[in-house]
Amino acid sequence: MKRTRRVLSALILTLAAGSVAIAQDAPRIAVFDPQRVSEETEEGTRIQARLTAFRNQKQGELTAKQTAVTDLQNQLVAQALSLSPERKQALEIEIQKKALEFQSTQEAAAREMQLEINSAQARFQEQLLAVVEQFGREEGFDLILDLSLVAWAAPAMDVTTALVDSFNLWVKPPAATPAPPEAGSGQ
């Protein structure tokens, strides 16, 4: 009987020690939302502003070309009865050329915009991965997953806000050059 108690006691201690060891060896896992990181970091905001400015510039160029085509079409309609056949044909050819130029510019602008987006995404992704790796090492995580790849995660596992803060500290936007001191300021 005493022997059975000793064996049971030893077994219980072994199991308890094993469960403590298992708990200590459990990997630390976290998740983050890369979309939120992109939207909430200074770098993500700066990139989005740059892409928006680029898109607006291209849209302005396209609008100018579209207006030129529309103006020529309106001119042709308004003067159709008073134009000579040669002038009418010349105006129609000019409209076609401007329309083709507009279409070509539109396609080129779409390709340029896609190249800019791809380039910005690639740079941001490189920075994000570097920040995630550094953050994971500093905070002792064994695995950090993109939230979009996870079916479910407890809210306590989400480290997005901490990653945004780390990203803002790690990736500084280009610093503005300080203004030179004014002449005669006594310095």
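Throughout, read-outs are computed from the coordinates displayed, never taken from laboratory work. From a predicted model like this one, the values you see are computed outputs, not experimental measurements. Cβ atoms come from the backbone with ideal geometry, glycine included; neighbour counts cover every protein chain shown.
Based on the Cβ-Cβ distance of Ala156 and Met113, what FRET efficiency does E = 1/(1 + (r/R0)^6) give at R0 = 30 Å, to the nearest 0.05? List each step's numbers first, then the result.
On the way: r = 40 Å, r/R0 = 1.32.
The calculated FRET efficiency here is 0.15.
Work through the residues other than Leu147 whose Cβ is under 11 Å from its Cβ and net out their charges, Lys, Arg +1 and Asp, Glu -1.
So the environment of Leu147 carries a net charge of -2.
How far apart, in nanometres, would the label points at Leu62 and Leu169 be if each is projected 7 angstrom from Cα along the Cα-to-Cβ direction?
According to this spin-label approximation, the distance is 4.2 nm.
Treating the beta-carbon of each Lys and Arg as +1 and of each Asp and Glu as -1, no other charges, what is the dipole magnitude of the stretch 27-170 about its Cα centre, to the nearest 20 debye?
740
Quick one: net charge around Leu100, please, counting Lys, Arg +1 and Asp, Glu -1 for every other residue with C-beta under 15 Å from its C-beta. Numbers along the way, then the final one.
Working: positive: Lys65, Lys97, Lys98; negative: Glu92, Glu94, Glu101, Glu107.
The answer is -1.
How would the stretch 27-170 be classified by its alpha-carbon gyration tensor: rounded, prolate or oblate, with rounded meaning a/c under 1.5 and the a/b versus b/c comparison settling the rest?
Taking the square roots of the gyration eigenvalues as a ≥ b ≥ c, the stretch 27-170 is prolate.
Which aspartates and glutamates does Lys172 reach when only Cα atoms under 16 Å apart count, and residues fewer than 8 places away in its own chain are ignored?
Result set, ordered by chain and number: Glu39, Glu40, Glu42, Glu43, Glu126.
Which net charge results when you count Lys and Arg as +1 and Asp and Glu as -1 among the other residues whose beta-carbon is under 12 Å from that of Phe54?
Numbers: positive: Arg50, Arg55, Lys58; negative: Glu61, Glu112, Glu116.
Summing Lys and Arg as +1 and Asp and Glu as -1 gives 0.
In nm, what is the difference between 0.36 nm times the number of residues separating Gln96 and Phe54 and their Cα-Cα distance?
12.4 nm
Can you give the FRET efficiency for Asn74 and Thr105, using 1/(1 + (r/R0)^6), R0 = 30 Å, r = Cβ-Cβ distance, to the nearest 0.05?
0.90
Among the aspartates and glutamates, select those whose C-alpha is under 19 Å from the C-alpha of Lys88, and discard any that sit fewer than 8 residues away in the same chain.
Within reach: Asp71.
Once Lys and Arg get +1 and Asp and Glu get -1 on their Cβ, which of Phe167, Ala151, Gly44 lies farthest toward the positive end of the dipole of the stretch 27-170?
So the residue we want is Gly44.
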